[in-house]
Each structure stands twice: as structure tokens, then as C-alpha cells.
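Comments concern the structure below.
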């Protein structure tokens with residue numbers, strides 16, 4: 001079989017044929033090598049995860065640079081998460097680079113209900129003599145720590161105040177986590193504090209205990225947009241994707257355009273077109 005590629009441009013001659021193995025074999029080898037390198041770098045398998053719901057979106061329309069339903073995000077294993085996961089509080093305090101549109105690392109963790117959840121690490125909670133401690137707290141005016149709750153001003157793209165009640169997690173240490181979209185759209189308003197309840201640890205949401213470092217699967221980095229929708233729709237056929245109505249607007253349009261572009265690049269008759277130009 002034959003391969004097609006360009007060469008001899010210097011001499012003004014374009015050769016499109018060369019004997020060898022089919023092009024798709026090289027593509028398969030390159031893909032396998034890419035996955036191998038990615039796995040070694042990530043330190044975990046699989047080194048990616050498909051986002052199934054809207055909890056990390058920043059609106060109802062597909063938004064670049066944030067996590068959208070149907071995106072494929074890469075996952076990197078982290079050693080000693082308590083020390084090496086950058087929380088929202090630490091990132092905002094030190095003005096560190098944002099991750100997916102906001103301060104703090106987005107982590108994947110094993111939840112008590114058996115699911116793997118991808119949400120932002122807001123702060124790491126510890127206790128001393130029955131009083132809550134927030135790692136990274138150095139007297140910032142936008143954080144208010146009491147025995148009953150922790151209040152953080154102007155959190156996320158919606159700039160809503162976040163309140164985390166502590167009665168159900170007293171003396172339990174770990175990461176307090178939250179979905180960006182949950183605070184902006186599903187937060188439960190507390191008029192007396194002018195704040196919203198939206199953390200995963202809130203009993204009005206998931207009611208999970210603080211996330212232990214051993215539950216952290218890894219930190220999300222990078223992404224491939226839209227293409228996870230292919231897997232999700234296969235899952236939908238078997239009734240395994242209940243959140244199919246949470247896909248942001250235009251995500252399917254971009255997926256179709258991307259697939260069309262790939263199909264065109266692979267199957268475009270380069271030999272015939274360039275051969276025709278040479279004859280002219």
C-alpha cells in the first residue's frame with residue numbers, strides 16, 4: 001500500500017507517493033505513544049476523565065477556558081494533597097494563576113457515594129481545641145471564621161458570598177469543595193449573612209464529610225473540549241447518563257464542526273488536487 005506526503009519542495013517537484021505502510025498505522029502508533037507519555041506524566045490511569053454534568057460550568061453557553069459538560073480533562077496524581085493542592089483561599093491570597101477561570105486547583109475525588117467528583121478545592125479545614133482552622137488564613141478581611149460557620153466574600157465568577165456551616169463536620173479535617181456553577185445557580189441564600197450555601201459538605205447539598213487527602217484522585221489540568229460527548233451519548237443509550245440535558249449551548253455544534261474538519265483533513269484527495277494543479 002502507499003502513503004502520501006510532500007517532499008522535494010526545494011527542487012520545485014512535489015512527490016505524493018512513497019512506498020510504505022498505511023498512514024493510519026503511523027497515526028495509531030503516535031496515538032499510543034501520546035497516551036503512554038501522558039500516563040507517565042500523570043502518574044495515574046486513566047490519565048483523563050469525561051465531565052458528565054454542569055457543576056463546573058460558568059454559564060449556559062459553552063465557555064472556553066473552563067470545564068464544560070462533555071469536556072475531557074486530564075488528571076495528574078498529586079503527592080501529599082494536603083500540602084500540594086492549591087486551594088481557592090491560598091490561590092486568592094497569593095494571587096496565583098487561576099485554574100479553569102478561578103483561583104484554586106480543581107480536584108477529582110472519590111466521594112462516599114462511590115462516584116468520582118470533579119470540583120474546586122475551596123480550603124483545607126482543620127481543628128484545634130474545637131475551633132476551626134483554615135489553611136492559608138492570615139487575617140484576610142474577606143474571610144470570617146467562627147465556631148459555627150466560615151464565610152468567604154465574593155467567591156467565583158458570580159462573586160457571591162459563600163458560607164460553610166460546620167455543625168455537621170465538627171472536628172473533621174479535609175478539603176471543603178464546591179462546583180463553580182453550583183454556587184452561581186443553585187446556592188441556597190441565607191439572608192442573615194447575605195451569603196449562599198453551596199459546598200459539597202453542606203447537608204443541603206451532598207452532605208459529604210471534608211475530603212481526606214487519601215480520597216483525592218488527582219488534579220485536573222488541560223482539556224479536550226466537546227469530544228467527551230461521544231462517550232456520554234453512548235452511555236445515554238444504555239441509560240447511564242442522567243445529566244444529558246446539562247450540555248451547554250453550541251457544544252454539539254462545535255463537536256460536529258470539529259469532526260467534519262478532522263474527516264476532511266484525513267480523507268481530502270490531496271493527490272488528485274495537487275496532481276491537477278501540476279498538469280495545469
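Nothing in this text is a laboratory measurement; each read-out follows from the coordinates by a stated rule. Note that this is a predicted model, so its numbers are computed, not measured. Note: ideal-geometry Cβ built from the backbone for every residue, glycine included; neighbour counts use all protein chains shown.
Quick notes on this structure:
- Degrees between helix 228-237 axis and first principal axis of the chain (Cα, 0 to 90, nearest 10): 80
- The chain: relative contact order as a whole-number percent, Cα under 8 Å and 6+ apart: 19
- Point-to-point label distance, residue 40-residue 165, nm (Cα→Cβ direction, 7 Å offset): 5.1
- Zone of residue 127's modelled label, taken as backbone nitrogen in region 192-220 under 14 Å from a point 7 Å along Cα→Cβ: 209-211
- Order of 57, 94 under a 10 Å beta carbon neighbour criterion, fewest first: 94, 57
- By average C-beta atoms within 10 angstrom, highest first, the peptides 141-151, 58-68: 58-68, 141-151
- Taking the longest Cα principal axis of the chain as reference, the axis of helix 251-267 is set at about 30 degrees.
- Calculated FRET value between residue 263 and residue 224, using beta carbons and R₀ = 25 Å, to 0.05: 0.90
- [x] 125; [y] 181; [z] 136, with the label sought being that of the calculated volume of the Cα convex hull per residue in Å³: [y]
- Rounded to 10°, Cα long-axis angle of helix 270-279 versus longest principal axis of the chain: 40
- Fraction of antiparallel bridges per DSSP, region 43-246 only, in percent to nearest 5: 95
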